[in-house]
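**Q** Just dropping this structure here.
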Amino acid sequence: MVKNLFMVKSLNSKIKSIKAREILNSRGEPTVEVELKTDDGIFVASVPSGASIGENEAKELRDGGKKYFGKGVLKAVGNINKIIGPRIKGKNPAKQKEIDELMIKLDGTKDKSKLGANAILPVSMAVCRAGAASKDLSLYKYISQIYRGSPPVNLTLMVPTPCFNIINGGTHAGNKLDIQEFMIVPQKKLFSENLRAASEIYQGLKKILKNNFGEQAINVGDEGGFAPPISHASEALNLISQALKNYPDTKIGLDCAASQYWKDKKYQLEGAVFTKEGLLIFYEDLIKKYPIIFLEDPFSENDWQGFQEITKKLSNKIIIVGDDLLCTNPRRIKEAEKKNACRGAIIKPNQIGTITETIEAVKLAKSFNWKIIISHRSGDTCDDFISDLAVGVGADFIKSGAPARGERLAKYNRLLKIEEEIKS
Ligand code: PEP
Ligand code: MG
């Protein structure tokens, strides 16, 4: 009886209305939130924003002018309320691909610059949530169904390994560290155990920093990791190594975000100028000394040769991951595979702009046997969509910053709930 009711609900669910508004993200800058109403309820989604943005990312639409120093998003909000909304009203939210393709067509540009990726993505996310509800499925199960193209019968879903960014540098912090993210990657079996280990390590590091540098060292950067007054990667890694004393199996991941230190056609970091070969030796030295398992964006986004060299030399030891290199873009992912430029992909929905294309990017990267890291952005909201996405597509890792600050914990706490549900 109940099942029949759900079936009727699923067949008849329709988008009744859609309303967008300007809200603020974790950096205190404007972003877009959407409320989408269907027969099954109201579904809310909001989008994040990066600081180290890849050249090939889908474009956010910003208003310009004086308000919010040009960063307002009322044009994107208007595009949802006046252009996208009327066109998707009445549609079945379970038709994710059809709705995403309609928005791509309405935009008509290669990089979503007309309507704005920040207009298209929150609608796509809200539609996905509504689609899941129309099928009476948890979001991660519904995404898994879309990903596999089949109903979720006897699924063995896994919660990915979390990567916690506990020391912030680069464009995310007001210190002199050039490498952007120093992540710890605990190796316990359960997500809940990894979260606990990360929290303990984070609190331990806080004490170490305070003892070494005083109170100012425990201020945090954009992703909730500490931003101590240090300037060398080896200093950060030595401090982290001290914090890992009682957690010997914990690994380390680095997001170099090297496009940020590619200046005047040279790699400039830690007060020195590096050639490509010199930078490769610098990384080799770090991976010899510390338990590093992946390097994200070790070279600048258009330095294919640098990526090729490091993949050739080090990918038997660590995973070379592309973020700015790939921008969750199938064209770039294919090119990177052809050039053997990396073995892992950062996946950020707002780099490409729809959920359908995000899932396609994961499929493509996985078809090359690459590792998948689903990622937040440095300016984020408390939306926890990426947690369900990571489980639904069977990602290997997820990164959502430190085990601190609300917008970061929203994702980790959602994964705790998903793990509980999967276990039971
Ligand atoms: C990243 O570079 O992986 C990242 C999360 O930072 P941002 O959002 O600033 O691009
Ligand atoms: Mg990155």
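Since every read-out is calculated from the coordinates, none of them should be taken as a lab result. From a predicted model like this one, the values you see are computed outputs, not experimental measurements. Every residue, glycine as well, gets a Cβ built from its backbone with ideal geometry; the counts of neighbours run over all protein chains shown.
**Q** Which lysines have a Cα lying under 16 Å from the Cα of LYS207, excluding residues fewer than 8 positions away in the same chain?
**A** Of all the lysines, those that pass the test against LYS207 - Cα under 16 Å, at least 8 places apart if same chain - are LYS245.
**Q** Mean separation of Cα pairs under 8 Å and 6+ residues apart, divided by the residue count of region 161-423: what relative contact order is that in percent? Walk me through the intermediate numbers first.
**A** Values: 514 pairs, mean separation 50.4, N = 263.
For region 161-423, the relative contact order is 19 percent.
**Q** A follow-up question, please. Please turn the phi angles of region 80-90 into ³J(HN,Hα) values with the Karplus equation 6.51 cos²θ - 1.76 cosθ + 1.60 (θ = phi - 60°), one per residue in order, whole Hz, x for glycine and proline.
**A** For region 80-90, the Karplus-derived couplings read 6, 5, 9, 10, 6, x, x, 7, 9, 4, x Hz, x marking Gly and Pro.
**Q** Here is a further query. Quick one: which residues, 5 or more positions from ILE167 or on another chain, have an amide H under 5 Å from its amide H? H modelled 1.01 Å from N in the peptide plane, none for Pro or chain starts.
**A** Hits under the 5 Å cutoff: PHE182, PHE226.
**Q** Given a Förster distance of 35 Å, report the FRET efficiency between LEU106 and ASN238 from their Cβ-Cβ distance, rounded to the nearest 0.05.
**A** Efficiency at R0 = 35 Å is approximately 0.10.
**Q** Which cross-chain or sequence-distant (5 or more) residues have an amide H under 5 Å from the amide H of HIS232, H modelled 1.01 Å from N in plane?
**A** none
**Q** List the aspartates and glutamates whose Cα sits under 12 Å from the Cα of LYS82, skipping any in the same chain fewer than 8 residues away.
**A** List returned: none.
**Q** List, in the order given, every pair from LYS141/LYS411; LYS112/LYS348; LYS112/LYS135 whose Cα-Cα distance in the structure shown is over 18 Å. It would help to have the intermediate numbers written out before the result.
**A** Details: LYS141/LYS411 16 Å; LYS112/LYS348 15 Å; LYS112/LYS135 29 Å.
Exceeds cut-off: LYS112/LYS135.
**Q** Which three extents, in angstrom, do the Cα atoms of region 15-136 have along their principal axes, listed largest first?
**A** Result, largest extent first: 41, 27, 25 Å.
**Q** From the backbone phi of region 230-235, what are the Karplus-calculated ³J(HN,Hα) couplings (6.51 cos²θ - 1.76 cosθ + 1.60, θ = phi - 60°) in whole Hz, Gly and Pro given as x?
**A** Karplus-based 3J(HN,Hα) across region 230-235 equals 10, 10, 10, 4, 5, 5 Hz.
**Q** Starting from 0 in steps of 10 Å, tell me what percent of the Cα-Cα pairs of the chain lands in each bin.
**A** Calculated over all Cα pairs of the chain, the distribution is 5, 22, 32, 26, 12, 3, 0, 0 percent.
**Q** Here is the link list: LYS67/LYS95; LYS288/LYS399; LYS59/LYS313. Which ones come out longer than 29 Å on Cα distance?
**A** LYS67/LYS95; LYS59/LYS313
**Q** Hey, another quick one. Counting Lys and Arg as +1 and Asp and Glu as -1, each charge on the Cβ, what is the dipole of region 15-136 about the Cα centre in debye, to the nearest 20?
**A** Computed charge dipole of region 15-136: roughly 400 debye.
**Q** Right, here's the next one. Hey, in the GNM for the chain with a 10 angstrom Cα cutoff, which one of LYS348, LYS266, LYS276 fluctuates hardest?
**A** Of LYS348, LYS266, LYS276, the Gaussian network model singles out LYS266 as fluctuating most.
**Q** Could you name the lysines in cross-link range of LYS89, using Cα to Cα under 18 Å and dropping any fewer than eight places away on the same chain?
**A** LYS89 reaches LYS9, LYS14, LYS16, LYS19, LYS37, LYS97, LYS105.
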